[in-house]
Structure formats: structure tokens, C-alpha cells
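> Below: one structure in C-alpha cells.
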Amino acid sequence: MKTNEIVIHKVEAWLNKEDKSYQWLAEQLAVSKALVGHLLSGERTLQPRHIEQLAAVMGISVKELLAQEQQQSHLTVQIRGNMSNRCSKRKLDALLFVIEDYVSLKEQVKE
């Protein structure tokens, strides 16, 4: 997800949660309602000063506003047939361990 999309999503969610309008936000940012509409529809690119102002209005840091939310996803492994011996079970356990290790390393790299 692009930075613009992340900020737009968070700002719109915050406006809905706080029951605030585009007009109210425009007044806080000292810009026109039309500009707020263009910014939040993605028609105009958010400038760094707009991102700083939005974070201040929302009462959060710029870093928090730009941070992409972590999505919890579960890994499902579907196996056909059955495991009839210990060797198969050990190999499956080893595979699951490697997959979980990979996923955790991938998440650490994102941070």
C-alpha cells in the first residue's frame, strides 16, 4: 500500500470515528473543503506539510500516521492423504517450523 493510500485510509477512518466532516478538517488545516476532498480522494498527492498537519489534528505522530497496520494472517496447510509413519510427521513438523521462521523473519524485515 502506498503512503498516500495509508494516510487517506487512516484519516477517513478517524473522521468517521470522531464524527468529523471534511469541512471541519478543512477549517483545522486552513485550506478549502474542495482541497480536502481532492486530497482524501487521491486526486491530489499529499504533501509532507499536509501529512504533518493531519497528524497534528489527529493528535498522533507523523510516524504513527504513516505506519502501515499489521494484518494478522493465518497460514493454512492442506495435506492430501495421511501420514502413516513417524518420518512423515517429523518432516511435516520441520516444514511447518521453517514456514513459521520465514514468516517471522519477513515481519522483522518490515519493521
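The values are calculated or read from the model by the stated rules, or taken from the named source; none is laboratory data. Worth saying up front: this structure is predicted, and the values here are computed from it rather than measured. Please note: Cβ atoms are built from the backbone with ideal geometry, for glycine as well, and neighbour counts cover all protein chains shown.
> Please list, ordered by first then second residue, the pairs with beta carbon atoms under 9 Å, 6 or more apart or interchain, first in the range 86-110 and over 29 Å from residue 68 (Cα atoms), second surrounded by fewer than 11 Cβ atoms within 10 Å (Cβ to Cβ) and not hydroxyl-bearing (Ser, Thr, Tyr).
88/82; 92/77; 92/79; 95/77
> Go through 57, 31 for me and flag whichever is part of a loop (DSSP other than H, G, I, E, B) and among the β-branched types (Val, Ile, Thr).
None of the other options fit; the residue is 31.
> Residue check, residue 88 against (1) modelled with pLDDT under 80; (2) over 21 Å from the mean Cα position of the chain (by Cα); (3) hydroxyl-bearing (Ser, Thr, Tyr), all met but one. Which one?
Condition not satisfied by residue 88: (1).
> If you check residue 44 against the conditions, is it in a helix (DSSP H, G or I), of a type in the set (D, E, K, R) and farther than 26 Å from residue 110 by Cβ?
no
> Just one of 7, 109, 36 is under 22 Å from the mean Cα position of the chain (by Cα), assigned to a helix (DSSP H, G or I) and loosely packed, with under 12 Cβ neighbours inside 10 Å; which is it?
Only one candidate qualifies: 109.
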